[in-house]
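Readers should treat all values here as calculations from the given coordinates under stated rules, not as data from a laboratory. Small disclaimer: the values here were computed from a predicted structure and weren't measured. Counting neighbours? That spans all protein chains shown, and the Cβs are built from the backbone with ideal geometry, glycine included.
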Amino acid sequence: MSDRFDSRAYLSDCLVALEATGSVVTFNRDGLHLYAKPSADTTAVSCASWSALPVGLTFVADNSNGTGSMTLVPTSGATKTLTTGQVYRYTVTAAGTLLGVQLT
């Protein structure tokens, strides 16, 4: 028997399927993977202002399933919009903004 840590047990805790409208993300953990449900036409997500999130917090916004745009709308700060097929990894910076790296 192996006592090796199996991270797959926690994978589902980090995956967040987003509804087309009405989704609210609280970023209660680091490393979330936010994704549009398959064939979602347009996805809008509300969240706290970027400056209210802890520095260094990372998350992935994945619109590879979506057929329209995915928009992250903070209470204050710049809105982030991903077009069809885009996937970004974001990190909260010390200045209270997001640093985004496009993965696709």
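In segment 11-104, which trypsin sites (Lys or Arg not before Pro) fall in coil by DSSP and have 13 or fewer other Cβ atoms within 10 Å? It would help to have the intermediate numbers written out before the result.
Numbers: sites: R29, K80, R89; in loops: R29.
Taking segment 11-104 and a limit of 13 other Cβ atoms within 10 Å, the loop trypsin sites (Lys or Arg not before Pro) found are R29.
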Label-reachable residues, segment 20-61, where backbone N falls under 19 Å from a point 7 Å from T84's Cα toward its Cβ: 20-21, 35-44
Among A95, V16, T67, which residue has its Cα furthest toward the positive end of the charge dipole of the chain, with +1 on Lys/Arg Cβ and -1 on Asp/Glu Cβ? A95
With 10 angstrom as the radius, rank T43, T71, T104 by how many other C-beta atoms surround their C-beta, starting from the fewest. T104, T71, T43
Kirkwood Rh and Cα Rg combined as Rg/Rh, the chain: 1.01
Summing +1 for each Lys or Arg and -1 for each Asp or Glu, what net charge is found among the other residues whose Cβ lies under 15 Å from the Cβ of Y88? +1
In debye, nearest 20, what is the charge dipole magnitude of the chain about its Cα centre with +1 on Lys and Arg Cβ and -1 on Asp and Glu Cβ, if you could check? 140
What's the ranking of 49-62, 12-25 by average number of surrounding C-beta atoms within 10 Å, highest first? 49-62, 12-25
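Assuming 0.36 nm per residue, please report the length gained on full extension of the stretch T71 to S12 beyond their Cα-Cα distance. Don't skip to the answer; put the middle values down first.
Values: separation 59, 0.36 × 59 = 21.24 nm, distance 2.26 nm.
Extending this stretch completely gives an extra 19.0 nm.
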